Amino acid sequence: MTVSDFTAPADVLVLQHLFEDGPGFLGEWLDAQCINWHVRCAEAGEDYPASVRGYRGLAVLGGAWSANDERPTLRHAEALIREADALGIPVIGHCLGGQLMARAFGGKVDRLPQPEVGWLPITRLDSPAAREWLGDAVQPTVYQWHQDGFTELPPGAELLASSSTCAHQAFALRQHLAMQFHIEITPAKIKDWLETPGHAYPAHVLLHRNSVQDPASMNAATLRHQSGSEAMADGIYRAWRARWKA
């Protein structure tokens, strides 16, 4: 369960950048598993801890910022990702969180030729690691909201999935998983984002109809795909938890 007292022990640390991009289904899943977890939100003025020592898992959420922005909290998150790697703590990254993982481990993040927004298919590679992390579906439909992507993978990383718009949708590196998509998505998060989608979204709907869904299409797709997303998330989070140290 969520532990508000940061001095009390917890198994998982969740790094949240912005109010609008909270833990979502990840928090629901951790609670359902009776796992104690801490969440710290940069926008709320909650300092990220100096160290991840003592945790068994680290999760990094998304946000509207670019991973390349010169924000102290983003560089702090990258430092904690590298420390987690050194300590053998599995890290899982969602969208911006995955991009920060790419940077932290020596990859590159850039603006993509066109954004992805809405429920869109990805193609899982046919490899043991891809099946172990992402499940058996070859073309699952996942939720996206991003303009940037990890354009160069870190040394030693294994590509797990791609899409027609974004070549690198997920990668595994040692015990870690970085995703470009939002596997933690919930209908409540989608509702919040559509209420304040940012100034670029209306133009993107008109310019990139093949990769950016309008609100009506997105809401209809949520009814079709949310349950499948949660089932996929359950498998991903279980694979992440299986890598935690005893």
Inset, instruction - Select from the stretch 140-153 the residues that are in contact with a helix residue (DSSP H, G or I) (Cβ under 6 Å, 6 or more places away or on another chain) and either free of Cβ contacts under 8 Å to residues at least 60 places away in the same chain or of a type in the set (Lys, Arg) (or both) and list them in ascending order. - result: 150
Inset, instruction - Considering every residue within the stretch 93-107, establish whether at least one is over 13 Å from the mean Cα position of the chain (by Cα) and under 23 Å from residue 217 (Cα atoms). - result: no
Legend entry - residue 52, sole failed condition from (1) outside any loop (DSSP other than H, G, I, E, B); (2) touching a helix residue (DSSP H, G or I) at 6+ places or on another chain (Cβ under 8 Å); (3) not polar (S, T, N, Q): (1)
Inset, instruction - State yes or no: is residue 67 hydrophobic (A, V, I, L, M, F, W, C) and surrounded by fewer than 16 Cβ atoms within 10 Å (Cβ to Cβ)? - result: no
Inset, instruction - Could you check, for the stretch 23-34, whether at least one of its residues is among the charged types (D, E, K, R), out of contact with any Pro (no Cβ under 8 Å at 6 or more places or on another chain) and under 23 Å from residue 187 (Cβ atoms)? - result: yes
Inset, instruction - Report yes if residue 23 is in a loop (DSSP other than H, G, I, E, B) and in contact (Cβ under 8 Å) with a residue 60 or more places away in the chain, otherwise no. - result: yes
Inset, instruction - Pick out the one residue from 107, 118 that is at negative phi and small (Gly, Ala, Ser). - result: 107
Legend entry - Pick from the stretch 236-246, criterion surrounded by 18 or more Cβ atoms within 10 Å (Cβ to Cβ) and not hydroxyl-bearing (Ser, Thr, Tyr), ranking: nearest to residue 122 (Cα to Cα): 236
Inset, instruction - From 61, 96, 100, 74, grab the single residue that is under 21 Å from residue 22 (Cα atoms) and either modelled with pLDDT under 95 or touching a Pro at 6+ places or on another chain (Cβ under 8 Å) (or both). - result: 61
Legend entry - Residue that is surrounded by the most Cβ atoms within 10 Å (Cβ to Cβ) [pool: residues in the stretch 115-157 that are among the small types (Gly, Ala, Ser) and either closer than 29 Å to residue 206 by Cα or over 17 Å from the mean Cα position of the chain (by Cα) (or both)]: 149
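The values are calculated or read from the model by the stated rules, or taken from the named source; none is laboratory data. This structure is a prediction, so every number in the text was calculated from the model and none was measured. Neighbour counts are summed over all protein chains in view; Cβ atoms, including those assigned to glycine, are modelled from backbone coordinates with ideal geometry.
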